[in-house]
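Beneath this line is the structure, given in structure tokens, with notes to follow.
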């Protein structure tokens, strides 16, 4: 996997001329739900004759806003180590700073198309929020994608034994030192 770290204005040179499908999210922990979404993104990219890429952020958006800062499940090194095993050729890490946080949801697709000239598709989870103050959701994203001729795949929440897998749930289990349950949701023995 080629990991590309980018600032606000930089074009993603290795991906500029390739049709690309972006799997967008923080992917903190790269848990079972994330892995499911990334597999769907790879299949989606294949159908669109495009390359799949992870589009993730650092630091976590909650750290930028300095309120309700979320404790990270794992550090960036661990995150990219796991992402590398999943078979995606690229991961793009967007610096989450003031400029990026100020992008309105209405301009989000335009912003992405400046970075990825051949944006063919986007893959997100059903609870995806984006744009300034998280004002955009999957319904507004659908309208924006239709207007810009970008395919969209919204992946339903992933459950194990009827329980929704989420980073928040895993953080709570880790706070309780319930490593067995956290590892079950993570999809491997990460914590002991």
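Coordinate-derived values only; no laboratory data. This is a predicted model, so every value here is computed, not measured. Cβ sites come from the backbone with ideal geometry, for glycine too, and all protein chains shown count toward neighbours.
Numbers for the structure displayed
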| quantity | calculated |
| --- | --- |
| Projected-area average for the chain over all orientations - Cα convex hull basis, square nanometres | 10.4 |
| Spin-label pair residue 181/residue 102, simplified geometry with 7 Å Cα→Cβ offset, distance in nm | 4.3 |
| Neighbour-count ranking [beta-carbon atoms within 10 angstrom, fewest first] of 9, 28, 161, 127 | 161, 9, 127, 28 |
| Förster radius 25 Å - calculated FRET efficiency between residue 118 and residue 47 (Cβ-Cβ, nearest 0.05) | 0.95 |
| Residues 60, 31 arranged by fewest to most Cβ contacts within 10 Å | 60, 31 |
| Order of 22, 153 - criterion: other Cβ atoms within 10 Å of each residue's Cβ, fewest first | 153, 22 |
| Radius of gyration and Dmax over the Cα atoms of segment 126-192, both given in Å | 16.2, 48 |
| Length released on extending from residue 62 to residue 10, taking residue separation times 0.36 nm less the Cα-Cα span | 16.4 nm |
| Fully extended contour minus Cα-Cα distance, from residue 19 to residue 139, at 0.36 nm per residue | 40.8 nm |
